[in-house]
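The values are calculated or read from the model by the stated rules, or taken from the named source; none is laboratory data. Just so you know, these numbers come straight off a predicted model, no measurement behind them. Positions of Cβ are backbone-derived with ideal geometry, glycine not excepted, and every protein chain shown enters the neighbour counts. To get the accessible areas, we keep the full protein, side chains included, count just its heavy atoms, and leave off ligands, DNA and RNA. Shrake-Rupley method; radii C 1.70, N 1.55, O 1.52, S 1.80 Å.
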Amino acid sequence: MKRLMGFDNPRLMQAFIDYMAARQIELTMSVDNDEQFALWLSDESHLSEVEQELSRFLSDPNDPKYQAASWEVADSRTASFHYRNPNLLAMIKAQAGPFTLTIMVLCIIIYVLWIFGLQQPLFSLLHFPLMDSERWQVWRYFTHALLHFSLLHIIFNCLWWWLLGGMIERQASTTKLVQLFLFSALISGFAQFAFAGPEFGGLSGVVYALLGYLWWMGWLAPEKGLHIPRSYVIFMLVWLVIGFLTPMNIANMAHLFGLLTGCVIAFLEAKWHFLSKKA
């Protein structure tokens with residue numbers, strides 16, 4: 001199952017689905033995550049043919065051949081055609097890259113072990129460095145981001161990581177996402193440890209860095225195609241403020257410094273992009 005594109009006009013896209021059905025190629029549409037609908041190809045062996053035809057369709061969707069195909073398959077579609085939701089795993093993979101998925105899987109495995117009673121050994125192995133003897137155990141500066149302490153905690157963080165991390169990995173690169181993960185885990189970890197002590201964990205500092213990066217890249221360098229809906233930014237900023245105003249046990253400093261890390265990286269990258277264009 002291959003995701004081809006997102007779109008917001010299912011009635012128009014139905015003509016293309018019918019046209020390809022007349023050529024014995026099955027396409028389906030589903031409700032998407034960040035767009036309204038998504039178009040899926042069932043058999044990837046037809047990918048090249050479908051992509052070429054899709055390009056022609058998008059340049060001239062009112063071509064009579066597409067409307068004619070809808071009439072040709074109308075009877076069979078009425079009898080048996082239905083919109084089919086793609087496999088959940090296929091949808092998750094389509095919206096993410098290998099590093100996004102790897103971090104999600106690691107978080108889930110660690111959480112499963114956590115709820116089966118391995119809290120102490122896991123925390124001892126993965127927490128941010130506490131003592132001089134741990135300062136050279138380099139993994140600790142990053143693995144604290146993989147620890148989660150409740151079901152709500154891991155669901156919230158993994159959903160945002162999948163959404164924002166997948167967006168960056170698909171539209172920028174895996175290298176960029178790895179860079180953001182490492183820098184934000186390091187800086188947000190130091191900030192949270194300095195202000196609130198060692199009892200913390202989770203991807204939220206990294207998630208706020210991804211938010212800040214997408215937010216400022218969309219503002220400072222929109223031509224790079226990295227952007228985030230304003231509603232996401234407002235929601236996450238409101239949640240950040242709520243964290244500081246309530247007595248809930250939230251890693252507020254990790255959130256704040258993660259956000260600042262993402263914004264600074266975006267600022268420097270946009271500045272470099274601007275200067276390289278002028279050179």
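Worth pointing out:
- Test: residue 22 is surrounded by fewer than 18 Cβ atoms within 10 Å (Cβ to Cβ) and touching an Asp or Glu at 6+ places or on another chain (Cβ under 6 Å): yes
- The range 173-188, subset among the small types (Gly, Ala, Ser) and at pLDDT 95 or above, residue farthest from the chain's Cα centre (by Cα): 188
- Selection status of residue 140, among the charged types (D, E, K, R), open to solvent by 10 Å² or more (accessible area, probe 1.4 Å), over 17 Å from residue 256 (Cα atoms) and touching a His at 6+ places or on another chain (Cβ under 7 Å): yes
- At least 1 residues being in contact with a Ser or Thr (Cβ under 9 Å, 6 or more places away or on another chain) is the threshold, and among the helices (runs of 4 or more DSSP H) wholly inside the range 95-168 those reaching it are 98-115, 119-126, 151-160.
- Residue selected from the range 171-210 under the condition among the small types (Gly, Ala, Ser) and open to solvent by 50 Å² or more (accessible area, probe 1.4 Å), by the criterion farthest from residue 131 (Cα to Cα): 196
- Scan of the range 219-253 for residues that are over 21 Å from residue 268 (Cβ atoms), surrounded by fewer than 16 Cβ atoms within 10 Å (Cβ to Cβ) and either in contact (Cβ under 8 Å) with a residue 24 or more places away in the chain or among the basic types (Lys, Arg) (or both), ordered by number: 229, 230
- Options 218, 243: the member that is more than 21 Å from the chain's Cα centre (by Cα) and either polar (S, T, N, Q) or part of a helix (DSSP H, G or I) (or both): 243
- Cβ pairs under 7 Å, 6+ apart, first in the range 254-273 and farther than 27 Å from residue 147 by Cβ and among the aliphatic types (A, V, I, L, M), second part of a helix (DSSP H, G or I) and open to solvent by less than 30 Å² (accessible area, probe 1.4 Å): 270/217
- Hey, residue 109 modelled with pLDDT of 90 or more and either within 16 Å of the chain's Cα centre (by Cα) or not charged (D, E, K, R) (or both) or not: yes
- Residue in the range 263-275 that is loosely packed, with under 14 Cβ neighbours inside 10 Å, β-branched (Val, Ile, Thr), assigned to a helix (DSSP H, G or I) and under 20 Å from the mean Cα position of the chain (by Cα) present: no
- Test: residue 213 is aromatic (Phe, Trp, Tyr) and at pLDDT below 95: no
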